[in-house]
Amino acid sequence: MSIHQLLNSTIKEVIKELFDAEINDSMIQLQKTRREFDGDITLVVFPFVKVSKMGPEQAGQAIGAKLQEKLAEVEAFNVVKGFLNLSISNTYWLGFFDEAYKNESYGFELLSLKQVLVEYASPNTNKPLHLGHLRNIFLGYSVSKILQANGHKVSKVQIINDRGIHICKSMLAWQKLANGETPESSGLKGDKARRKVLRGV
């Protein structure tokens, strides 16, 4: 059970015990605690003001104390106006990460939604790879993994483009300027031999 599910069910119990009131899921608003305050998860207290017959800060204090009493996962709490900031224990987070690490399919949705083709890398065949290509490779691979995690069947491809103006330039350079020299005879890689011919070095 996730921490949000655990908090959801326990908050319902707490409201029932403290104020003898039934609440639904829509009244429980949990969000990430803002950086300037201590805590991990924040409960918005305003929806409980009416059933508690208290001000938001008093209701927050009462709910926070009861949650800390009932849940070992709630290490501490503080109330800022109508917001109850909950600090979740390191023991819970360590257990959560350990469970996620051991679960090879953690985070993956096995929905088999649709076939997706991700084309990336596809470098220019007449130029060496550089940092821009590496960026493209990392982004393409990451996108494909994210799509897989969302249940899509992904095919990864790259197009080796050996047609286009860059190839025409190379062919023309060898025909007109190379004087019969080839990458093999010059001992240079194809892209370097091409540059040598075009620059007249």
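The values are calculated or read from the model by the stated rules, or taken from the named source; none is laboratory data. All of these numbers come straight from a predicted model, not from anything done at the bench. Backbone-built Cβ (ideal geometry, glycine too); neighbour counts: all protein chains shown. Surface accessibility is based on the protein's heavy atoms, side chains included, excluding ligands, DNA and RNA. Shrake-Rupley method; radii C 1.70, N 1.55, O 1.52, S 1.80 Å.
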Next item on the list: Only helical DSSP H runs with n ≥ 4 go in: add -39500 (n - 2.57) per run for the chain, normalise by residue count and round the 222 nm mean residue ellipticity to 500 deg cm²/dmol.
Entry: -14500 deg cm²/dmol
Check: Distance in nm between label sites at Ser186 and Trp93, each 7 Å beyond Cα in the beta-carbon direction?
Finding: 5.8
Checklist line | Loop sites in the stretch 17-93: trypsin sites (Lys or Arg not before Pro), DSSP, at most 13 other Cβ within 10 Å | finding: Arg34, Arg35, Lys53, Lys81
Notebook entry, point to check: Of the residues Met171, Met54, Met27, which exhibits the maximal mean-square fluctuation in a Gaussian network model of the chain defined by a 10 Å Cα contact cut-off?
Noted result: Met171
Notebook entry, point to check: Quick one: Cα centre-to-centre distance for the stretch 89-121 and the stretch 1-51, in angstrom?
Noted result: 27
Check: Could you give the accessible area per residue of the stretch 103-172, probe 1.4 Å, as a whole number in Å²?
Finding: 76
Check: What span do the alpha-carbon atoms of the stretch 25-78 cover on each of the three principal axes, reported in whole Å from largest to smallest?
Finding: 27, 23, 21
Item checked: Highest-fluctuation residue, Ser122, Ser26, Ser87 considered, GNM on the chain with Cα pairs under 10 Å -> Ser26
Check: Quick one: if you stick a label point 7 Å off each Cα along the C-beta vector at Ala100 and Gln29, how many nm between them?
Finding: 2.6
Margin query: Run through the stretch 132-201 and list the trypsin sites (Lys or Arg not before Pro) located in a DSSP loop whose Cβ has at most 12 other Cβ atoms within 10 Å.
Written below: Arg163, Lys189
Checklist line | Exposed chymotrypsin sites (Phe, Trp or Tyr not before Pro) absent: longest stretch of the chain, with sites in DSSP loops and at most 13 other Cβ within 10 Å deemed exposed | finding: 109-201
Notebook entry, point to check: Using a 1.4 Å probe on the protein chains only, how many percent of the accessible area of the chain belongs to carbon and sulfur?
Noted result: 55
Item checked: Table column - 3J(HN,Hα) (Hz), the stretch 11-24, Karplus curve with 6.51, -1.76, 1.60, x for Gly and Pro -> 4, 4, 5, 5, 4, 5, 5, 6, 10, 6, 9, 9, 10, 9
Note to self: So if a site counts as exposed when it's one of the GluC sites (Glu not before Pro), its DSSP state isn't H, G, I, E or B, and it has at most 12 other Cβ atoms within 10 Å, what's the longest stretch of the chain without one?
What the structure shows: 110-201
Checklist line | At R0 = 41 Å, FRET efficiency that the Cβ-Cβ distance of Gln115 and Phe46 yields, to 0.05 | finding: 0.30
Item checked: Hull shadow area, averaged, the chain [alpha-carbon convex hull, nm²] -> 19.0
